[in-house]
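What follows is one structure encoded as structure tokens, with my remarks underneath.
The values are calculated or read from the model by the stated rules, or taken from the named source; none is laboratory data. The structure presented is a predicted model; accordingly, all values stated were derived computationally and were not measured. Please note: Cβ atoms are built from the backbone with ideal geometry, for glycine as well, and neighbour counts cover all protein chains shown. Heads up: the accessible areas ignore ligands, DNA and RNA and are worked out on the full protein's heavy atoms, side chains in. Shrake-Rupley method; radii C 1.70, N 1.55, O 1.52, S 1.80 Å.
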Amino acid sequence: VGAKLLTLSQLKTACRLPWDNNLDEALKRRVHYSQTAMGVDWGGHGHEDEISYTTIALLGRGAGGKVDILYGERLSHMASEVQEAERVIELYGKFNPQFIAHDFNGSGGMREVLLRQAGLPKERFFPVVWRAMSAKDIVIFMMDPDNADRDYYAADKARCLGLCIMSIKNGLMSFPRYETITPVVDDWLALYEEKMEIARGADVYLIKRQPKKSDDFAHACAFAAVGMWHKVDEWPHFAQYLQAQITPAMMKAVSPNEWALGP
């Protein structure tokens, strides 16, 4: 049974940044952030049964680990791999992010080759491969002993996307005004959680995409956000945020018995 992870109302509430989804606005706001990143989810060229576009997100991390998506765009499905690389290079030159987090799986490795041949330094990349590894660290550096160009970061897909969705719900991830960033921001609504019952051991929870819907922008944001959190080792602290929201009046409104967890 699939469970929807985010409602349209919650997403619209998260579009609280006081500017339009405009590149010039993002460039002006960049100076206010201690850390910046670009997230890229490469489109699925040649997959006729999928709705997939190369999508780019520009992010800034502020105080308390909060992440703002300053700008997002979706490239035309008619764009070639070279044209996509050219657009990434153009945005990189204007925004000057501290790193580019991107989907290293499939053709992502070839896209990185194009970008590096164009002059982007290797140390500015944070290549990510989504994995299902709930029993391990959320992000693991994978070194290729034979080819340093194939090093990447394995990240647990369900936990990373889940952290981003929790951040959206709890005011720790924000977007520009909703009317100006649709339809790309609606990619977050395509994600749902599916529970798989395992005969032995704990149940497994997966995050999947609804059929015939795009989720590329969600992944672009998640790649960059996970890269930010991992690099500074500062992950979202939801308990701290919720404690700040609980006022004395709210505490008085609930009797002690209502906090009981049962016998």
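A few comments on the model shown:
- Shown for the chain are the DSSP H helices of 15 Å or more along their axis, judged by Cα atoms, with a mean Kyte-Doolittle hydropathy of at least 0.0: 157-169, 216-232.
- Springs join every pair of Cα atoms under 10 Å in this Gaussian network model of the chain, and among ARG124, ARG150, ARG16 the largest mean-square fluctuation is at ARG150.
- Summed over the residues of the chain and divided among them, the accessible surface reaches 53 Å² per residue at a probe radius of 1.4 Å.
- Mean ellipticity per residue at 222 nm, deg cm²/dmol - from DSSP H runs of n ≥ 4 across the chain, formula -39500 (n - 2.57): -9500 deg cm²/dmol
- Principal axis box of region 80-156, alpha-carbon based, largest edge first, Å: 39, 27, 23
- Of LYS66/LYS213; LYS157/LYS212; LYS12/LYS94; LYS136/LYS208; LYS4/LYS208; LYS122/LYS231, pairs whose Cα-Cα distance is over 18 Å: LYS66/LYS213; LYS157/LYS212; LYS12/LYS94; LYS136/LYS208
- Under-5 Å amide H pairs with LEU70, H placed in peptide plane, nonlocal only: LEU58, LEU59, GLY60
- Region 126-212 shape via C-alpha gyration tensor axes, a/c threshold 1.5: oblate
- The chain, accessible surface, carbon-and-sulfur percent (1.4 angstrom probe): 52
- Under-5 Å amide H pairs with SER52, H placed in peptide plane, nonlocal only: GLY44
- On the basis of the beta-carbon distance and an R0 of 41 Å, GLU234 and TRP19 show a calculated FRET efficiency of 0.95.
- Scanning residues 5 or more positions from PHE126 or on other chains, those with amide H under 5 Å from its amide H are ILE100, ALA101, HIS102, with H placed 1.01 Å from N in the peptide plane.
- Three-way shape call for region 1-107 based on the alpha-carbon gyration tensor, with the a/c threshold at 1.5: oblate
- Mean projected area in nm² (Cα convex hull; one quarter of hull surface) for the chain: 17.6
- The mean sequence separation of alpha-carbon pairs under 8 Å and at least six residues apart, normalised by the residue count of the chain, gives a relative contact order of 27 percent.
- For region 130-224, the list of GluC sites (Glu not before Pro) that fall in a loop by DSSP and count at most 12 other C-beta atoms within 10 angstrom reads GLU197.
- Rounded FRET efficiency, nearest 0.05, which uses the C-beta distance separating LYS12 from SER76 and R0 of 22 Å: 0.25
- Per-residue HN-Hα couplings for region 55-63 [Karplus 6.51, -1.76, 1.60; θ = phi - 60°; Hz; x = Gly/Pro]: 10, 10, 10, 10, 10, x, 9, x, 5
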